[in-house]
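Chemist: One structure, pasted below without further comment.
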Amino acid sequence: VFFMTFCALSSAKGMDIKMKIKNNVQIAVLAVIGFILAQAIAMVVAMAGTLSLYVGGGVSAIVVAPCFAIMATRIQKKGAAFLFWLIYGVLYALMGAWIMIPITIISGILSEIIAGDYSSNKRISYSFAVGMFLVALHPIIFFVILGPDLIAKFMSYFTLEELRASAAMYTGKVIGSCVVINIVLSIASSKFGNYISNKFFNKNKGKGKLV
């Protein structure tokens, strides 16, 4: 009896480890997909010139939101949202912007708290909206707190001249507009993400709705 119990517990433990690895792989894959799509969108939006100051990060949210919602509804485990944003930050670091990691860690912590037990679509939606909002506003956060000269020491793919030129564009009026616009875009994207997740990736097909 003891031997059978030990074997059962060992088997269960082995299955639990495999499940955790599978979950982490799914989170990583979806974070990578979301990041790549977001960077592609950001490159296109950057061509719009001044407009990109207002909507650059927020527009990218439209492709990250479905990845986050699918991840959250499939995994439904504590730490999933935090890991998603942490990986997002690591991907930024691989591009030479490791300064993004503190932002994504804060996004992950807030997203994790809001998501709760991942049983509520609304909470998952708000969880993404808050996390993405911080990520979308990272240029403003950096320019206000650090300034272009200090940022140049941590971000290798921008020259000091480019950073100073960008910082000069962020006047008080522009910053206020960016905050409002990105709040709207983050919330709208989060609802769209839940819709896509529920409509095409939920076991209960046909129940996609904006929440």
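Chemist: When the chain is fully extended, how far beyond the present Cα-Cα distance does Trp98 get from Glu162, taking 0.36 nm per residue of separation? Mind dumping the intermediate values first?
Modeler: Numbers: separation 64, 0.36 × 64 = 23.04 nm, distance 1.83 nm.
This chain segment gains 21.2 nm when fully extended.
Chemist: On to the next question. What ³J(HN,Hα) values, in whole Hz, does the Karplus curve 6.51 cos²θ - 1.76 cosθ + 1.60 give for region 163-176 when θ = phi - 60°, with x put for Gly and Pro?
Modeler: Whole-Hz 3J(HN,Hα) from phi for region 163-176: 5, 5, 5, 5, 4, 5, 6, 8, 7, x, 5, 5, 4, x.
Chemist: Can you work out the base-10 log of I(q)/I(0) for region 80-173 at q = 0.17 1/Å, using the Debye formula on its C-alpha atoms alone?
Modeler: Cα-only, vacuum Debye calculation for region 80-173: -0.75.
Chemist: Now a separate question. Given the peptides 70-79, 171-180, arrange them by the average over their residues of other C-beta atoms within 10 Å, most packed first. Spell out each step's value before the answer.
Modeler: On the way: 70-79: 19.3, 171-180: 12.2.
Per-residue Cβ counts within 10 Å, averaged per peptide and sorted highest first, yield 70-79, 171-180.
Throughout, read-outs are computed from the coordinates displayed, never taken from laboratory work. Because the structure is a prediction, the values reported are computed rather than measured. Every residue, glycine among them, receives a Cβ derived from its backbone with ideal geometry; neighbour counts consider all protein chains shown.
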